[in-house]
1. Checking PRO28 against (1) over 21 Å from ALA241 (Cα atoms); (2) in a helix (DSSP H, G or I); (3) in contact with a helix residue (DSSP H, G or I) (Cβ under 7 Å, 6 or more places away or on another chain); (4) not basic (Lys, Arg): exactly one of these is not met. Which one?
2. For SER382, are the conditions met, namely being crowded, with 23+ Cβ neighbours inside 10 Å, of a type in the set (Gly, Ala, Ser), over 15 Å from the mean Cα position of the chain (by Cα) and assigned to a helix (DSSP H, G or I)?
3. Given the condition crowded, with 22+ Cβ neighbours inside 10 Å and either touching a strand residue (DSSP E or B) at 6+ places or on another chain (Cβ under 6 Å) or free of Cβ contacts under 8 Å to residues at least 40 places away in the same chain (or both), answer yes or no: does some residue in the stretch 300-316 qualify?
4. Suppose the filter is in contact with a helix residue (DSSP H, G or I) (Cβ under 9 Å, 6 or more places away or on another chain) and at pLDDT 80 or above; does SER67 pass it?
5. Could you tell me whether any residue of the stretch 8-18 is surrounded by fewer than 19 Cβ atoms within 10 Å (Cβ to Cβ), polar (S, T, N, Q) and in contact with a helix residue (DSSP H, G or I) (Cβ under 8 Å, 6 or more places away or on another chain)?
6. Could you run through the stretch 359-379 and say how many residues are assigned to a helix (DSSP H, G or I) and either of a type in the set (Ser, Thr, Tyr) or surrounded by 19 or more Cβ atoms within 10 Å (Cβ to Cβ) (or both)?
7. Please tell me if VAL391 is within 24 Å of LEU249 (Cα to Cα), β-branched (Val, Ile, Thr) and modelled with pLDDT of 85 or more.
Amino acid sequence: MNPNAKTLWPGPQWLFSVLLALLGMLGPFSIDTYLPAFAGIAQSLGASTIQMQQTLSAYLFGFAFMSLFHGSLSDGWGRRPVVLWGLAVFTLASIGCALSETIGQLIFFRALQGLSTGAGIVVSRAVIRDMYAPAQAQKVMSQVTLFFGIAPAIAPLIGGWLLIHMTWQAIFWFLTGVGVFLWLANYFYLPETLHLDHRQPIHVKHLLKGYWKLGSDPRFLLLALASGVPFNGMFLYILSAPVFLGEILHLQPQNFFWCFIVTIAGIMGGAFVSGKLAGKKRPIEQIRYGFMIMLSVGLLNLLANILFTAHVSWSLFPLGLFSFGWALMVPAVTLLVLDLHPERRGMSSSLQMFISSAANGIVAGLLAPLVMHSALALAFASLMLMGIGLVAWIYMRRTWKEIGV
C-alpha cells in the first residue's frame, strides 16, 4: 500500500471507483457493442460465421497475451504510463477496425484492440490495492464492479442502434470516441499510485524470476482458476449471443440488450452485496456463498433445458442469478490473489488476468462454436466450466486452510 495514499485522491471514494470502472468497462464495450452486428459485418465483408468468431478469438487471445505484461510494466514504470499508452493504442486500433475492408484486416485490428485493452482492467486492480487496506479494498473493488456493470448492459443496445440507423463501421467509430474520452479522463484525473520505493526493475531475468515465482505457486494457480474459469459459465452465453439469442430464442438484434441487462443486473447485485459484506464476513464465507449460488443455478438451468424447450420467458433468468453468485465471490478471491505476493501485485494481476483471458479465448475459439446451437449443450458446458473453478477452490481450501480466514 502506498504510504501517501490518503493524499493522492482528494475527492470522494465513489468517484475514484467510477474512474477505475471506466477503465474496466473498455473490455465489455469492445466485445458487447459489436456482437449485434455479427451478421451485418459478415455480409458486408463476405465473411463466414467461423471467420466472424475469429474476430472475437483474436481479440481475446491478444488480450490474454498482453495481460502478462501490463501489470509487470506498471510495477516498473508506474500505473499511469501503462494506462495511457494502452488507451492510445486501443483508440488507433478502433480506427483501423472502422476502416477495415476485408475480414483479415478486421481480425488484425481486433487483435490489436485486445493487446491494448487489458491495460485498464489489469492496472486498475493494482491501483486499488496501492490505495486501500484489504477490507476497504474489497469495498472499492465491489464498487468498481457495480459501476462497471452498467457498460455491458448498454453496449449491445448502442451497437444495435448504430447498426440499424447507421452502419457497422459506426460501432467502431463509437469505440474510437470512447477511447479518446477515457484517455483524456485518465490523463487529467488518474494519480500515480505506485510509490517510487515499490517499483520493480524491468529486466528479462527479473521478470522471468517473478513469473516463475508466481506460476510455480499452486495457491496462486488455484485461486486464479477459481476466479477466472467460472466467469466463462456466463461468458459462454455472451459469446454465443448471436446464435443463442437470434436463432434459439428468436430475438431481433436490437433486443439483444435484454440478455446483457439480466446478466449485468446480477453482476451489479452480487457486487453490491459483496461490498456490504466486506469486513463483516470472512472471505471464505463469501466465496462459499457465491459457489453455492452458481452450482444451484447451473444444475437447475441444466434440468430446465432437459425438460423444456428454451424460451425467452425463462432462459435468461439463470444468467442473472449465476452472475450474482460470481460477482459475490470474485472480489474476495481477487484480493486473496493480490495479497499472496504483495511485492508483485501488478504482476499478480497480470498473470491472474492472463489465466482468465486464456480461458476466455479457448471458450470463444473452441467451445462456443461447438455448443452455441443447442440450449442444452450451452447449459451443460456452463455448469462444467463453473465446476472447474469450484474444484480448484475446494482443493486449495483443504490444502491451505489459512487462506481466506
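1. Among (1) over 21 Å from ALA241 (Cα atoms); (2) in a helix (DSSP H, G or I); (3) in contact with a helix residue (DSSP H, G or I) (Cβ under 7 Å, 6 or more places away or on another chain); (4) not basic (Lys, Arg), the lone unmet condition for PRO28 is (1).
2. yes
3. no
4. So SER67 fails the test.
5. yes
6. Of the residues in that region, 11 qualify.
7. Here the answer is no, as VAL391 does not meet what is asked.
Quick grid of which residues meet (1) surrounded by fewer than 23 Cβ atoms within 10 Å (Cβ to Cβ); (2) more than 24 Å from PHE244 (Cβ to Cβ):
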{"site": "ALA47", "(1), (2)": "yes, no"}
{"site": "SER57", "(1), (2)": "no, no"}
{"site": "PHE63", "(1), (2)": "no, no"}
{"site": "SER67", "(1), (2)": "no, yes"}
{"site": "PRO81", "(1), (2)": "yes, yes"}
{"site": "TRP85", "(1), (2)": "yes, yes"}
{"site": "LEU92", "(1), (2)": "yes, yes"}
{"site": "GLU101", "(1), (2)": "yes, yes"}
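The values are calculated or read from the model by the stated rules, or taken from the named source; none is laboratory data. Remember, it's a predicted structure, so these values are computed and weren't measured experimentally. Here the Cβ is made from the backbone with ideal geometry for all residues, glycine too, and neighbour counts use every protein chain on show.
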